[in-house]
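Novice: I'd like to ask you about the structure that follows.
The numbers here are math on the coordinates, done by the rules we state, and not lab data. As the structure is a prediction and not an experimental result, all values here were calculated from the model. Backbone-built Cβ (ideal geometry, glycine too); neighbour counts: all protein chains shown.
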Amino acid sequence: MSNYPDAAFLTSADSLTQFVADAGTEVAFAGRSNAGKSSAINVIVNRKQFARVSKTPGRTQLVNFFRLSGDKRLVDLPGYGYARVSESMRRHWKSLMEDYFSQRRSLAGLFLIVDVRRGLVDFDLVMLEYAEQLGIPVHLLLTKADKLKRGQAARQFEETRRALEGRAGVQLFSSLNRQGVDQARGRLNEMLGGHVNTGDTLA
C-alpha cells in the first residue's frame, strides 16, 4: 500500500505556462539522468511506476507534477548530464529548470539524487546553487548503495558529506534493498510540513 494513498499524477509541463497553480507546498527531485531518480521516487511513495522508470537515461524530459495529499506535491524535474539528446534539447532543459526555480513560490525543498559510485557532478552543484539562492533546504540521496561494499559506501558518504560542507543533508540510499527509505520519507514529510532537519544520516 502506498504511504501516500491519495497520491496522483497531475500533469507534465514543457513550459512555464503549463506548470500547475503555484499554491500549497511542493518538493522537487532532481538528478543526473542515470542516477535512479524515478526508482527513488517510486520507493519513497511506495507505489510501483508512480514515476516512470526507463532503461534509457534521460526519459524524464518534462517537469512532472504529482499530488501527494491535499495541496502538497512532489515534482520530478528533467534528468541531466547523460542522455543522448541534442544541444537544443539540453538548452531547453536548462531554461525549463531556470523558469521552475525562479518562479515557484510553493517550492519548499529539493531532493538531489546522486549515484554513490559517481559522486557529485557540475549539474548537481548548479542545483545546489539554485536552492541556496531560494533559501530552501536540500537533501541528497546517495543512490545505488547496494552496488558497493559497506565500507566503500561509508567512505563515499563521508567524502560527499565533506564536499557538501553543510550545504545539504546526505544519506545512503538503495531502491533495490530499501536502505534509507524511512529516513528519506521522513525528510520529504518534514520539507512538506515546513519543519526541516538538515542533519546527515549514514544508513
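Novice: Do you know the relative contact order of the chain, to the nearest whole percent, from alpha carbon pairs under 8 angstrom that are 6+ apart?
Specialist: This gives 22 percent for the chain.
Novice: So, in nm, how far is label L176 from label D146 when the simple model puts each one 7 Å beyond its Cα toward the Cβ?
Specialist: Output for this residue pair reads 0.6 nm.
Novice: Bin width 5 Å, origin at 0, all Cα-Cα pairs of the chain: what percent of pairs per bin?
Specialist: For the chain, the pair-distance distribution reads 1, 8, 17, 22, 23, 17, 9, 3, 0, 0.
Novice: If you don't mind, another one. Going highest first, how would you order 22-34, 93-105 by mean Cβ packing within 10 Å?
Specialist: The packing order, highest mean first, is 22-34, 93-105.
Novice: Distance cut-off 23 Å, Cα to Cα: go down the list K48/K144; K48/K94; K72/K94; K72/K147; K94/K144 and report the pairs above it.
Specialist: Over 23 Å apart, Cα to Cα: K48/K94; K72/K94; K72/K147; K94/K144.
Novice: Shifting gears a bit: Sticking with the crude label model, points 7 Å out along Cα→Cβ, report the distance from S69 to H92 in nm, one decimal please.
Specialist: Going from the S69 label point to the H92 one covers 3.7 nm.
Novice: At 30 angstrom or more along the helix axis (alpha-carbon based) and mean Kyte-Doolittle of -1.0 or higher, what helices does the chain contain? Whole DSSP H runs only.
Specialist: Helices passing the filter in the chain: none found.
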